[in-house]
1. What translational diffusion coefficient, to the nearest whole µm²/s, does the stretch 100-185 have by Stokes-Einstein, given a Kirkwood radius computed over alpha-carbon pairs, a temperature of 4 °C and 1.567 mPa s viscosity?
2. Which order, highest average first, do 18-31, 170-183 follow once you tally other Cβ atoms within 10 Å for each residue and take the mean per peptide?
3. Would you mind calculating the gained length between residue 141 and residue 206 on full extension (0.36 nm times residue separation, minus the Cα-Cα distance), in nm to one decimal?
4. Tell me the mean residue ellipticity at 222 nm calculated for the chain from its helices only (DSSP H runs of n ≥ 4, each -39500 (n - 2.57), averaged over every residue, nearest 500).
5. Nearest 0.05, what FRET efficiency do residue 118 and residue 51 give at R0 = 45 Å with Cβ-Cβ as r?
6. Taking the number of other C-beta atoms within 10 Å as the exposure measure, put 153, 8 in order starting with the fewest.
7. Among 139, 168, 126, rank each residue by its count of other Cβ atoms within 10 Å, from fewest to most, as a rough exposure measure.
8. Hey, what did the chain get for relative contact order, percent, Cα under 8 Å, at least 6 apart?
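Every number here is computed from the coordinates shown, using simple stated rules; none is lab data. Worth saying up front: this structure is predicted, and the values here are computed from it rather than measured. Because the Cβ atoms are built from the backbone with ideal geometry, glycine has one as well, and the counts that use them run over all protein chains shown.
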Amino acid sequence: MLFLTISTSTEQGMVAIGSSERVLASASVGKAQAQGEFLTPAIEFCACQAQVDLRQIAGVAVDRGPGLFTGLRIGVATAKAIALTLSVPMVPLESLDLLAFAARVARRPIWSLLDARRGEVFAARYRPTPGGVERSSDYRLATPNALVGDLMTETEDVLLVGNGACQYYDVFSRLSGVTVGDVGLAHPTAESALGLACSRFTLEEFSPPSGVVPLYLRKSDAEIKWGTRRESIGV
């Protein structure tokens, strides 16, 4: 079976078509502000490169976050529209899960960290299992210094992945027993998205399009600014 995956949780948007065996085609863009213009042409490009009609797609998987507010909104809305048009099931994926899944061969705990801006990161802890990973913490929003305290309590060597780990390399790399993954593990990849999507489709972990919503963990900048303004004027 063929699946379409969409990830727009980071500045590097990604679209891929493939199966549990291989990626047939993928496309990415490196600018968050271009993702609205990127998705539709990228999906058409991938279908052309894979030499498939989108009506052959058995399901749509979308990265629902946490991540960049506008990117998530665009990615989830696009995925919903395609799933409804094709009348195929949807599987929501989490960005931090995708990062950890790509590093599943590591024989040590994995921390996925995505840059949340404002001096914070989205984070979650995982443990490798046969063929995948198992999350062992909640998804959270934290400062790098707050995570340092958690990492210092680890009794095993750990691997940090994601652009949040790269962004704050100087903070984390000085810790004993902590390895920061390279840029190849900084963003969700086509391989990890399709691998995790196929696994969840096999387990029939479907969601109706109406049930797939972005996982923000924090209010948008507009909401934060409006809240601050309301407080300043006493509303």
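1. Details: Rh = 12.6 Å.
Approximately 103 µm²/s, per Stokes-Einstein.
2. Values: 18-31: 15.7, 170-183: 14.2.
Descending packing order for the listed peptides: 18-31, 170-183.
3. Details: separation 65, 0.36 × 65 = 23.40 nm, distance 2.65 nm.
Full extension of this stretch gives 20.7 nm more.
4. Details: 8 runs with 85 residues, N = 235.
Value at 222 nm, helices only, nearest 500: -11000 deg cm²/dmol.
5. Numbers: r = 44 Å, r/R0 = 0.97.
The formula returns an efficiency of 0.55 here.
6. Working: 153 6, 8 33.
Starting with the residue having the fewest Cβ neighbours, the order is 153, 8.
7. Working: 139 17, 168 21, 126 26.
The fewest-first ordering by Cβ neighbours comes to 139, 168, 126.
8. On the way: 496 pairs, mean separation 50.3, N = 235.
Computed over the chain, the figure is 21 percent.
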